[in-house]
Amino acid sequence: MNIQTTKTVSTFLQSWNVLRFLFIENIKKKIGYVAHGAVIKPSFDALVQKTDSLVQDEHRRALHQRIYAKRNIIYQMAVAICLLGFGISLQGCFILRPFAGANIDIEQLQKAREAKVLEIRRDGAKRLSQRLTKGDSISNADLSFYFSEALLNKAASQLDSTTGWLDSLTSYSIRNIRVKLYHGSAIATISLAAFNHEYDVDVNLLMDCILAFKIDSGKFFATLEPFNVVPNVKASGMIASLEGIIQDIVTMKLSTLSDNLPPIQFPVDFNNQFPVQGNSVQVRTGMNMNITTSAQTLKYFLVLKEVLIFKEKLFLAMNVKKVGVGK
Amino acid sequence: MKATLVKHSSFFLLSLFVMGCGSSMDIPSKEESQANIAQYKLQLDTLDAVITEKTAGLPKGHDLISRTRSLAINTLLARVVNRSLADIHIDFLATRPLWKEEKSVMGIGYTNYVDVDTGKLDIDLKKFSFSNFTNNIINAEIEIEGTGTVKVSGTYTGVSTSSSPQIHFYLDEQIQFVVTTADSDFIRLNPVPKTVLLKTKITINLLGWNIPYYKEIPLQTTDLVKPVFIPSALRSEIVFPIPASQYGDQRLEFVKRYLRFNKSAVRANDNVLEYRSNIDFEKE
């Protein structure tokens, strides 16, 4: 039995390590994912750069093909684990623990998450302080907007209770998004659940995201860039040994989530037009005449000067760039 | 026995390796994180204090506050002003008489008169700009000027004749607007009622008879100038992208929401037009 067991275990371990290093570890390296616990990014820029490369469709398709190709191996491994579990545990070798991810120190994770949030806030506050010290007055703009944190949350809450799909078998549901504005940084916390319909696995996530503000096609919006991801697997009807593997599969798909998350739209338009009313005056004093002015449409284009984030408010400064008149 | 031990050892080491793979966390230890937290908090407190002091005067209290400089509004208005030389069009209607005089020669009375028959004229809006915003009153300057011809006819010493003299219009006035609160995406400026004078000058020559006609035609600003709507660059409706509820090619779908403005307030002071409002998003 020992020889057979050892062979099976060796085969399994080789397959597993190949599997891990082929795609799971590879993916983790790409997105900064850390096994079974949290994504603690070394830097936001690195995240953006890496995520950008990861989210390419071609890469993702290839990744999915590889995942499904390995699915049979995973099932075989699951059987092997079940058969071996009893014997192995008798020998004092608890092989299931790492797969199930049961040895996560929640407090360690929370502390790491808190530290990362504070680091981002510190960096943002430092940049803002330098801007306020060295730059020109923030009021030196044609048009400036102050959006309250409450308004951002009203906009973000449009995504609450919405459901989307990571692929044909994995859906996700945004429970809620809450935005906090600090001096120099905007951080959104998303409570989200991903559900793998094939394995009947729920992954509850708490994601901390940096809000990156952008303009595209004259519209102003904020994209959500995750920097902390805390998954929590709940599998129903599955043996514990599979949880970790499935969690890895699901979280791999979640690695492209930032690409799927809709941006938060703001009600600001940079391509504007407004009507200049026509008018007609009848003069019957001295000389009879009708004075008329024709209606016109004034078109103007605003250019973003800067976006600054203050505690509980977002500041946008814009200048008028182009003005045109049409009928 | 030795072989079994080797096998077991190998298995144990391999198991440890796998356990190591699965449980390896790149996250720092609790102690490291705690130290970082303490350090970051200290730095944040210092930075926050500096920023809070520098931004103490920033407006707050509404979902949205916009501030528009008079300079920016004038940039927009200048484009309207400079668009053409024919901003205002005048159609002359029959005016009978425009001018007349009763004369008598040797006890025989007669009337010299001039009628305006018809005519058209384009006038240039030469200037329309806001000079200053003070205490919710916006002072503006308006200047219009134009020269054209008008067809006149009349009778001089009993002889009827007609002519097409030049007519000149000119207006240069200061007018005022008051800002009104509007729960919408525009700020409305209403002209303050005031009589302005459109200066009219025609030199009519009929059969050697020169009739200098000069008249200041009173016009009401509320008739002459319509309310001005200052755009806030806000939109009254917004299309939010949300995740597509069905799996398919499109990852996003879109829902329209209307902006409902409430508790709006407008203030014009120090050459800045400030608009405040709370905003709610309403479904279609």
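Any read-out appearing in this document is the output of simple, stated calculations on the displayed coordinates, not a laboratory observation. Since we're looking at a predicted model, the values are computed, not measured. All Cβ positions, even for glycine, are placed from backbone atoms using ideal geometry, and neighbour counts span all protein chains on display.
Could you check the simple spin-label distance between B:Asn136 and A:Ala212, using points 7 Å along Cα→Cβ, in nm with one decimal?
That separation, rounded to one decimal, is 4.5 nm.
Say the cut-off is 21 Å between C-alpha atoms; which of A:Lys180/B:Lys41; A:Lys322/B:Lys226; A:Lys116/B:Lys41; A:Lys154/A:Lys180; B:Lys194/B:Lys215; A:Lys154/A:Lys322 go over it? Mind dumping the intermediate values first?
Working: A:Lys180/B:Lys41 17 Å; A:Lys322/B:Lys226 25 Å; A:Lys116/B:Lys41 12 Å; A:Lys154/A:Lys180 12 Å; B:Lys194/B:Lys215 18 Å; A:Lys154/A:Lys322 31 Å.
Beyond 21 Å: A:Lys322/B:Lys226; A:Lys154/A:Lys322.
For B:Trp209, B:Trp99, what ranking results if the residue with the fewest other Cβ atoms within 10 Å of its Cβ goes first?
Listing B:Trp209, B:Trp99 from fewest to most nearby Cβ atoms yields B:Trp209, B:Trp99.
Exposure proxy check: B:Met106, A:Met289 ranked by fewest other beta carbons within 10 Å?
Working: B:Met106 4, A:Met289 26.
Exposure proxy ranking, most exposed first: B:Met106, A:Met289.
Can you tell me the FRET efficiency between B:His89 and B:Ser236 if r is taken as the Cβ-Cβ distance and R0 is 45 Å, rounded to the nearest 0.05?
0.90
In what order do A:Ser191, A:Ser148 fall by count of nearby beta-carbon atoms within 10 Å, going from fewest to most?
A:Ser191, A:Ser148
Could you calculate the FRET efficiency of B:Lys194 with B:Thr52 from 1/(1 + (r/R0)^6), where r is the beta carbon distance between them and R0 is 30 Å, rounded to 0.05?
Plugging the Cβ-Cβ distance into 1/(1 + (r/R0)^6) gives 0.05.
Nearest 500 deg cm²/dmol is fine: what mean residue ellipticity at 222 nm does chain B get from its DSSP H runs of n ≥ 4 alone, each adding -39,500 (n - 2.57), divided by its residue count?
Taken over chain B, the calculation gives -7500 deg cm²/dmol.
Determine, from the Cβ-Cβ distance of B:Leu71 and A:Lys322 and an R0 of 25 Å, the FRET efficiency 1/(1 + (r/R0)^6), rounded to the nearest 0.05.
FRET efficiency, B:Leu71 to A:Lys322: 0.95.
Straight-line reach from A:Lys311: which aspartates and glutamates have Cα under 19 Å away, leaving out those fewer than 8 places along the same chain?
Straight-distance partners of A:Lys311: A:Glu114, A:Glu119, A:Asp123, A:Glu149, A:Asp208, B:Asp45, B:Asp48, B:Glu53, B:Asp63.
How far apart, in nm, are the 7 Å Cα→Cβ label points at A:Asn271 and A:Asp200?
In this crude spin-label approximation the distance works out to 5.1 nm.
Which of A:Lys214/B:Lys127; A:Lys126/B:Lys256; A:Lys299/B:Lys263; B:Lys100/B:Lys120; A:Lys111/B:Lys256 have a Cα-Cα distance over 32 Å?
As for pairs spanning more than 32 Å Cα to Cα, those are A:Lys214/B:Lys127; A:Lys126/B:Lys256; A:Lys111/B:Lys256.
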